[in-house]
Amino acid sequence: MAFWDRLFGGRSESSFARQRLDYLNEALVLERQGDFDAAVTSYRLALREHPTDLRILQNMAIALTKVGRVEEAIRAYRRAIEVDATASGAHYGLAFLLIKRGDAAGAASHLSAFLAHPPSGEDADRWIAHAQATLDQLHGARGGSGGSTPS
C-alpha cells in the first residue's frame, strides 16, 4: 500500500516524517565530496527549518567562501553573530574575509571579539595564536610600522 500512496501522492504523516531529509547532514556529505555549490543549497534548505542554527550559518559561510561567493559568506557570518554575539567561529571567519576585502579595522574588531570568547578544544590554541598574531600584525600595519596585511 505504501508504494501506491507514494506513487499517487497520498502520504501519511508518519511516512512523510520518515522521508524528510536532514539537509544539514546532506550538506556536510556534499562538502566532503567537494560539491560546495550543492552544499550551499542544502544549507539554505536547512536554514528554512532552523533559521538561527549557528552550525548551519557558519558552515554555509565556509562553503560560500570556498566557491568564491565572499559577500554572501560575509552576510552568513554576520547573521550568525546577530544570533550569538559570542560566536567565535563566525568572528574568526568574518575577520579573515574582511582582511581579503581590505577592511583591516573591521577585521581587527572581529579578531578581538574572537579572542574575547575563544573556542576550546584540541586545535583551539593554534587558532587563538593565529588570530592573535594576525591582530598584532594589523595593529602594527595601522601603527605605521610598515607591516604587511596578512592573507
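Starting from the amide H of His50, placed 1.01 Å from N in the peptide plane, find each other amide H under 5 Å away whose residue is 5 or more places distant or on another chain.
Residues meeting the amide H criterion: none.
Extension gain Ser109-Asp125, at 0.36 nm per residue separation less the Cα-Cα distance, in nm?
Extending this stretch completely gives an extra 3.8 nm.
Using the Karplus curve 6.51 cos²θ - 1.76 cosθ + 1.60 with θ = phi - 60°, work out ³J(HN,Hα) for each residue of region 100-113 in order, rounded to whole Hz, and write x for Gly and Pro.
After applying 6.51 cos²θ - 1.76 cosθ + 1.60, I find 4, 7, x, 9, 5, 5, x, 4, 4, 4, 6, 5, 4, 5 Hz.
Calculate the FRET efficiency for Ala133 and Val83 from the Cβ-Cβ distance with a Förster distance of 25 Å, rounded to the nearest 0.05.
Taking R0 as 25 Å, the efficiency between Ala133 and Val83 is 0.35.
Give me a comma-separated list of calculated 3J(HN,Hα) values for region 34-43, in order, Karplus coefficients 6.51, -1.76, 1.60 applied at θ = phi - 60°, integers in Hz, x for any Gly or Pro.
For region 34-43, the Karplus-derived couplings read x, 9, 6, 4, 5, 4, 4, 4, 5, 4 Hz, x marking Gly and Pro.
Calculate, in nm to one decimal, what Asp37 and Glu71 gain on full extension: separation in residues at 0.36 nm each, minus their alpha carbon distance.
10.7 nm
Just so you know, all these numbers are worked out from the coordinates, no wet-lab data involved. Because the structure is a prediction, the values reported are computed rather than measured. When we count neighbours, we look across all protein chains shown, and the Cβ atoms used for this are built from the backbone with ideal geometry, even at glycine.
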